[in-house]
Amino acid sequence: MIEAELKARVHTPAEVLRRLDERAVGVAEVYEDTYYDLPGGPLARQDNELRLRTVRGPEGIRTVLTYKGAQVEAASGSKPECETRVGDAEATHAVLRGLGYEVVIAFRKECRNYAFTERGRGLLATLVRVPELEGTFLEVETLVDTDQVGHALADIRAVLAGLGIGTADLTRELYTDAVRARRTTLP
């Protein structure tokens, strides 16, 4: 499946939050993301990602291992995605390190997730704050077959417009790159 997703900078977080609250009940969760690669960065060179995410929320703690393949749609950066829940985060970190993977970057995201159906699609909208970065972001995504990516992105753009997010607000900047850049500029 392809994760068709658009991300935007949010200039009026309170207004976007109000509009999201009209669509669904938001769930506050904290993501602890750790990205891995092999020495020399072969995954990154091929535009692939390997992430272990621990999610802390009202339903408890869960951990998800995710592999993202190379992008299939250049304008959005949408990628194939495979993920699975794992029972033990520390053991999974140990397995990855034991297989030769190294931590590339790790950081925290404070999220408010909204799952709803609009335009006939199951969508997940996530309002995101990364403590190390300035500003608030909004991600809207859905999982689709490869031949549906363009249609899904059109639907997501319409949803974003309904939330007060314009095309000028869209960003392709990755959190990993932004956090890395921020850390290198700190004294």
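The values are calculated or read from the model by the stated rules, or taken from the named source; none is laboratory data. What you see is a predicted model; the values in this text were computed from it and never measured. So basically every Cβ, Gly included, is an ideal-geometry build from the backbone, and we count neighbours across all protein chains shown.
Of note:
- Among the residues of segment 109-129, those that are of a type in the set (S, T, N, Q) and surrounded by 15 or more Cβ atoms within 10 Å (Cβ to Cβ) comprise Asn113, Thr126.
- Only listed residue being crowded, with 19+ Cβ neighbours inside 10 Å and of a type in the set (D, E, K, R), chosen from Asp177, Asp147, Asp155: Asp155
- Among the residues making up segment 10-26, those that are of a type in the set (A, V, I, L, M), touching a residue at least 24 places away in the same chain (Cβ under 8 Å) and assigned to a helix (DSSP H, G or I) are Val16, Leu17, Leu20.
- Within the set Leu133, Leu127, the sole residue that is in contact (Cβ under 8 Å) with a residue 12 or more places away in the chain, within 16 Å of Arg19 (Cα to Cα) and out of contact with any Asp or Glu (no Cβ under 8 Å at 6 or more places or on another chain) turns out to be Leu127.
- Hey, Thr142 surrounded by 14 or more Cβ atoms within 10 Å (Cβ to Cβ), under 19 Å from Glu49 (Cα atoms) and polar (S, T, N, Q) or not: yes
- Being among the aromatic types (Phe, Trp, Tyr) and closer than 30 Å to Gly162 by Cα holds for only one residue in Tyr31, Tyr101, Tyr35, Tyr67, and it is Tyr31.
- Residue within segment 148-168 that is in contact with a strand residue (DSSP E or B) (Cβ under 7 Å, 6 or more places away or on another chain), more than 17 Å from Glu5 (Cβ to Cβ) and at pLDDT 95 or above present: no
- Where a residue in segment 173-184 is within 17 Å of Leu6 (Cα to Cα) and its partner, wherever it lies, is small (Gly, Ala, Ser) and outside any helix (DSSP H, G or I), with Cβ under 9 Å and at least six apart: Leu174/Gly77
- Criterion (outside any strand (DSSP E or B), among the hydroxyl-bearing types (Ser, Thr, Tyr) and either at negative phi or in contact (Cβ under 8 Å) with a residue 12 or more places away in the chain (or both)) met by exactly one of Thr34, Thr54, Thr92: Thr92
- Only listed residue being assigned to a loop (DSSP other than H, G, I, E, B), under 27 Å from Gly41 (Cα atoms) and small (Gly, Ala, Ser), chosen from Gly164, Gly100: Gly100
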